[in-house]
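All remarks here apply to the structure that follows.
The values are calculated or read from the model by the stated rules, or taken from the named source; none is laboratory data. What you see is a predicted model, and the numbers here were worked out from it, not measured in a lab. Here the Cβ is made from the backbone with ideal geometry for all residues, glycine too, and neighbour counts use every protein chain on show. SASA here: full protein model, heavy atoms, side chains in, ligands and nucleic acids out. Shrake-Rupley method; radii C 1.70, N 1.55, O 1.52, S 1.80 Å.
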Amino acid sequence: MAAREAGGVVLGKSAEKLFSLSGLFAVYKPKGPTSAGVLNLLKEKLLAEAGVQTNGKKRNQVLKIGHGGTLDSAAAGVLVVGIGKGTKMLRTMLAGSKKYTAIGLLGKATDTLDATGKVTEEKPYDQITKGDLENVLQKFIGDIMQVPPLYSALKKDGERLSTLMKRGEAVEAKPARPVRVYSLSLQQFQPPLFTLDVECGGGFYVRSLVSDIGKELSTCATMQELTRTKQGPFTLEEHALYEDKWTIDEIARSLEHCTTLLPDEPSHKKLKTEHPGETAVSCEDK
């Protein structure tokens, strides 16, 4: 059988295996890098292991891979990755539910609504009890309206709002939009810090939730830490591959395991027999 080619390069066995992979799997995104940065590192590691020489944009021409559901740089947790035909399934990840653990800080507000921003307001919080906080949480469960943060990946005229803000350009707040919160509970209360577990639908901003909770309590609040513990059927504990497991064999095993998590449709049954892709795809929900 003739050796398979990708981008004009004859493939060895490792590369053939890499380019035959197709489906969805999950990786762990650490705090710090962007979601796109994590995806690029993953691509580089896989192509290096496969012995595929790349430079510049050629990398994107030989491996079809993308992520579904952007995590902010300051957030950590589950990032779902599509490879091969799996990139076409990423939009289902955007619409599905997600679970987060968030740590909020009472008494301070920032321009980004998280710990990376500049403090814009400080208010007392000593009067707030655990009961007060638990009562307020009930207002944010179900179908609610939420105003997205100004610092976000939402776009205006093709550019992210966060990019425009960093350049010092005036940005108008996006109108409130409908979002869904399936569950919301207080896990820990050690003023000024509080820890929440939240399960929500697509397009939801936990930063906005923490800020809105502060306002409801007649103070202010900002998000200190955020971890996504579940995205669709993929959980941090069971499915997310850490960087030391970003190998062709580990991902092949993960794809095999994760096939059982996805709807049993004909398009999913052929996921590991696809030919090499020619483009890279990246989907974002923010």
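Against the condition open to solvent by 10 Å² or more (accessible area, probe 1.4 Å), charged (D, E, K, R) and closer than 20 Å to Lys31 by Cβ, how does Lys230 come out, does it pass? Taking the combined requirement at face value, the residue satisfies it. From Gly77, Gly117, grab the single residue that is under 22 Å from the mean Cα position of the chain (by Cα) and either part of a loop (DSSP other than H, G, I, E, B) or over 30 Å from Ala36 (Cα atoms) (or both). Testing whether each residue is under 22 Å from the mean Cα position of the chain (by Cα) and either part of a loop (DSSP other than H, G, I, E, B) or over 30 Å from Ala36 (Cα atoms) (or both) leaves just Gly117. In the set Gln138, Gln127, Gln146, which member is at pLDDT 80 or above, closer than 25 Å to Gly203 by Cβ and open to solvent by 20 Å² or more (accessible area, probe 1.4 Å)? That would be Gln138, the only listed residue that is at pLDDT 80 or above, closer than 25 Å to Gly203 by Cβ and open to solvent by 20 Å² or more (accessible area, probe 1.4 Å).
When the stretch 207-227 is filtered for residues that are of a type in the set (A, V, I, L, M, F, W, C), open to solvent by less than 10 Å² (accessible area, probe 1.4 Å) and either part of a helix (DSSP H, G or I) or under 18 Å from Glu134 (Cβ atoms) (or both), the ones remaining, listed by number, are Leu209, Val210, Ile213, Ala221. Scanning the stretch 188-206 for residues that are over 12 Å from Tyr100 (Cα atoms) and surrounded by fewer than 21 Cβ atoms within 10 Å (Cβ to Cβ) gives Gln188, Phe189, Gln190, Pro191, Pro192, Leu193, Gly202, Gly203. Residue count for the stretch 71-101, restricted to those that are open to solvent by 20 Å² or more (accessible area, probe 1.4 Å), out of contact with any Ser or Thr (no Cβ under 8 Å at 6 or more places or on another chain) and among the hydroxyl-bearing types (Ser, Thr, Tyr): 2. Scanning the stretch 42-55 for residues that are part of a helix (DSSP H, G or I) and either without any contact (Cβ under 8 Å) to a residue 40 or more places away in the chain or exposed (fewer than 14 other Cβ atoms within 10 Å of the Cβ) (or both) turns up Glu44, Leu47, Ala48.
All but one of (1) at pLDDT 95 or above; (2) in a helix (DSSP H, G or I) hold for Glu256; which doesn't? Single failed check for Glu256: (1).
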